[in-house]
Amino acid sequence: RRGELAQAYAMGTAVLELVATIASPYGQTAVQTTLAQIEAITGMETSCRGRVELIRHTAARSGTDVVVLQAEYVLGLLELGQGRLHAAVRQLERTHHEFEERGLLGLGLWPVLSDLIEATALSGDIDEAHRLLALLQTRTLHDPLPFTALVSSRVMAIMAADHNVPQRFATAVAHARSYGNPFEEGRTHLAYGRRLAALGRSEAVEELQISH
């Protein structure tokens, strides 16, 4: 969560060796899911997809279907990170539906809804993105988690009216900076740079440089 991905990946790999010595299918798949998420974020597509397949097979034997659901979200994150927006929307829509079916509505650990809004907006379906944003605002109204504030403020900024873009993104960047995760902060600057570029604003260059 602090964005120390290389350290987390090394620790996760070491933990896998440990849990392999005990009968804990859930423990193994939970660690595998975190490793797959890091692979999605860092663009290790082949490893990510292979790990998700392994999670599916392991969970099918042990009945830990919620972990599979988390792994399916990871595939949506992978598609979004690779810029395959329509594929990301399809994957995240399916995953969001499954999360809803199980009553897993919080954004604190698996921000499926916020990523779905971003992918939907980038794919050009603005009306649907606004519908999903209204749902997100209802669900996060009384959610005190800092990570929820970070991801929700970012998508609200992405969806803001043109004249509100600087103010909304100032709030989103402040949340990202205070959270202390360089990946999330960079991702927020990227979204800001994209929006400024769409508005024809020269400040887009600076935001994209910060993000890079």
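Some values worked out for this structure:
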| item | result |
| --- | --- |
| Selected residue (criterion: modelled with the lowest pLDDT) from residues of the range 81-108 that are among the hydrophobic types (A, V, I, L, M, F, W, C) and touching a Lys or Arg at 6+ places or on another chain (Cβ under 9 Å) | Leu107 |
| Residues (touching a helix residue (DSSP H, G or I) at 6+ places or on another chain (Cβ under 7 Å), farther than 21 Å from Phe147 by Cβ and open to solvent by 50 Å² or more (accessible area, probe 1.4 Å)) located in the range 99-127 | Leu122 |
| Pairs where the first residue, in the range 68-85, is without any contact (Cβ under 8 Å) to a residue 60 or more places away in the chain and more than 14 Å from Gln32 (Cβ to Cβ) and the second is open to solvent by less than 20 Å² (accessible area, probe 1.4 Å) and acidic (Asp, Glu), C-beta under 8 Å, 6+ apart | Gly76/Asp115; Leu77/Asp115; Leu78/Glu39; Leu80/Asp115; Leu80/Glu118 |
| Candidates Leu92, Leu85, Leu116 - the one that is over 22 Å from Ala197 (Cα atoms) and within 17 Å of the chain's Cα centre (by Cα) | Leu92 |
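The values are calculated or read from the model by the stated rules, or taken from the named source; none is laboratory data. Quantities reported herein were computed from a predicted structural model and do not represent experimental measurements. Reconstructed Cβ throughout: ideal geometry from the backbone, glycine too, with neighbour counts over all protein chains shown. These area figures cover heavy atoms from the full protein model, side chains too; ligands, DNA and RNA do not enter into them. Shrake-Rupley method; radii C 1.70, N 1.55, O 1.52, S 1.80 Å.
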